1. Quick one: count up the residues across the stretch 284-318 that are in contact with a Lys or Arg (Cβ under 6 Å, 6 or more places away or on another chain) and open to solvent by less than 10 Å² (accessible area, probe 1.4 Å).
2. Do we find that residue 157 is surrounded by fewer than 24 Cβ atoms within 10 Å (Cβ to Cβ) and farther than 15 Å from residue 470 by Cα in this structure?
3. Restricting attention to the stretch 367-393, report how many residues are of a type in the set (A, V, I, L, M), within 17 Å of residue 434 (Cα to Cα) and in a helix (DSSP H, G or I).
4. Check 85, 144 and return the single one that is under 21 Å from the mean Cα position of the chain (by Cα) and surrounded by fewer than 23 Cβ atoms within 10 Å (Cβ to Cβ).
5. Which residue, of 458, 386, 435, 373, is within 22 Å of residue 311 (Cβ to Cβ), in contact (Cβ under 8 Å) with a residue 24 or more places away in the chain and under 19 Å from the mean Cα position of the chain (by Cα)?
6. Kindly indicate which of 411, 396, 425, 429 is at pLDDT 95 or above, in a helix (DSSP H, G or I) and farther than 22 Å from residue 298 by Cα.
7. Name the residue that is surrounded by the fewest Cβ atoms within 10 Å (Cβ to Cβ), counting only residues in the stretch 324-348 that are free of Cβ contacts under 8 Å to residues at least 12 places away in the same chain and farther than 16 Å from residue 282 by Cβ.
8. For the stretch 349-366, enumerate the residues that are part of a helix (DSSP H, G or I), closer than 29 Å to residue 91 by Cβ and open to solvent by 60 Å² or more (accessible area, probe 1.4 Å).
Amino acid sequence: MPIDAPHDGQDLVVVANRLPVDVTLDDQGEPTWTRSPGGLVTALAPVMAQTKGAWVGWGGSPGLELEPFDVDGTELVPVMLTETDVERYYEGFSNDTLWPLYHDVIAPPQFHRQWWDAYRRVNERFAQAAAANAAHGATVWVHDYQLQLVPAYLRALRPDLRIGYFHHIPFPPLEIFAQLPWRKQVVEGLLGADLIGFQRGGDAANFVRIVRRLTDLTTRGQMITVDEGTPTQRHVRAQAFPISIDSHAFDQLARTEAVQERAREIRRELGDPQYLLLGVDRLDYTKGIRHRIKAYGELLEDGRLSATQTTLVQVASPSRENVGAYQQLRDDVELLVGRINGDHGQVGHAPVQYLHQSFPMEEMAALYLAADVMLVTALRDGMNLVAKEYVAARSDERGCLVLSEFTGAADELVGAVLVNPHDIDGMKDAITYAVHLDPKEARKRMRRLRRRVLTHDVAAWSGQFLAALTAVPVRDGNA
């Protein structure tokens, strides 16, 4: 049932699972907040600052009901999630059903009807909050796999809106997506948008093919015609908009004397290894951490890398620690690291430095600068912004990026050494090649990588998406 636009609505409304701040209650019961460090926040902060905007999302604490509040000129609209919602909608359907399904079923997805019911209910709640805060004819930008039903719910409530949706993770082929019992409802949910953005052209093509197979709608290239044969016919575009980082800010950070001195200090603390390899990931089974460490261990075993002259630093930031698959992954990785260090370590030197923690951006920039080779070996990744951060940090035009071909970044970062992380022998060859790469060749590759990352930054990404979305004509209350 459509509702009227509010008189004091916002011209741009972002809808994401999380607010750009984490909200908690202090001892007096008053809400306090800290800014979230996520890439989406960095991407959209400049856009939100330039327009009258609202951000709809969860504050991060279950059961916390809050009124909208203002931060830096953006109205934040908290959506309340109960503990059951968090368990079923977020940890359940989003992260134990959709996440593994959309990442090529690397781990088996769980299909539970209670989780689906919670997902539906929470998506409806997000749509209602967006509808209640958007001005007439406003632009609403919905983000990611947790909220795939929001576009259709929102269109039913507010047919006057321009609605965009961006999918940050991979979108699977039909043969995998078809396993989802609620596949048609998800497709119909996404088709409520005017523009559906994906990380790669292949993801957009997967979606269009799924629409052709699961619906009777007409598709032509990237365009899908919805409500054919009625006066309210409209067109939905599915298109790739590869996301990026604030590369200039990262470049400037890495050029500061403090960060450069810290990079030198890191190498000294590690005993000045001849070769320093680096992996930086969330501790997630999609990131290929086990494959990478296994390949490195075999290189030491084979004698192709020296255990005394080489160090692998693996940063694995904590992730979803109450989900069983993640607990198992942590145990597996720590067992593997312990075995390699036990077999090849010496007093005062461990071939693998494993850090299960998160670090501030300054420390990350120093690690990127210190590393001779960056290993990004995800088994499947929508984009992988770590690869772009490494490139942005390397104003010295040194270092080498070893990059999985199953990341969105592989489409853009021509100059990286591409690998299939499932091929352990191939990965060993790629690491060896990167370690011994001629400095002239390394500089040539890095220069090419930096040109791409510095020109196509996060501002270009959001600008391109919003330009395509705002080109959609405003409808006067008709879907």
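The values are calculated or read from the model by the stated rules, or taken from the named source; none is laboratory data. Predicted model, so just to flag it, every value in this text is computed and none were measured. Ideal geometry is used to build each Cβ from the backbone, glycine not excepted, and the neighbour counts take in all protein chains shown. Side chains included, ligands, DNA and RNA excluded: accessible areas come from the protein's heavy atoms. Shrake-Rupley method; radii C 1.70, N 1.55, O 1.52, S 1.80 Å.
1. Adding up the residues that qualify gives 3.
2. Values: surrounded by fewer than 24 Cβ atoms within 10 Å (Cβ to Cβ): yes; farther than 15 Å from residue 470 by Cα: yes.
The answer is yes for residue 157.
3. Filtering the stretch 367-393 for residues of a type in the set (A, V, I, L, M) gives 367, 369-371, 373-376, 378-379, 383, 385-387, 391-393.
Narrowing further to those that are within 17 Å of residue 434 (Cα to Cα): 369-371, 373-376, 387, 391.
When the remaining residues are screened for being in a helix (DSSP H, G or I), the result is 369-370, 387, 391.
Selection size over the stretch 367-393: 4.
4. On the way: 85 fails: under 21 Å from the mean Cα position of the chain (by Cα).
None of the others qualify; the one that does is 144.
5. 386
6. Details: 396 fails: in a helix (DSSP H, G or I); 425 fails: farther than 22 Å from residue 298 by Cα; 429 fails: farther than 22 Å from residue 298 by Cα.
Within the list 411, 396, 425, 429, the selection yields 411.
7. Taking the stretch 324-348 and keeping what is free of Cβ contacts under 8 Å to residues at least 12 places away in the same chain, we get 324, 327-328, 331, 335, 338, 341-342, 347.
Add one more test, that the residue is farther than 16 Å from residue 282 by Cβ, and what stays is 324, 331, 335, 338, 341-342, 347.
Working: 324: 10, 331: 10, 335: 11, 338: 14, 341: 18, 342: 9, 347: 4.
The qualifying residue surrounded by the fewest Cβ atoms within 10 Å (Cβ to Cβ) is 347.
8. 361
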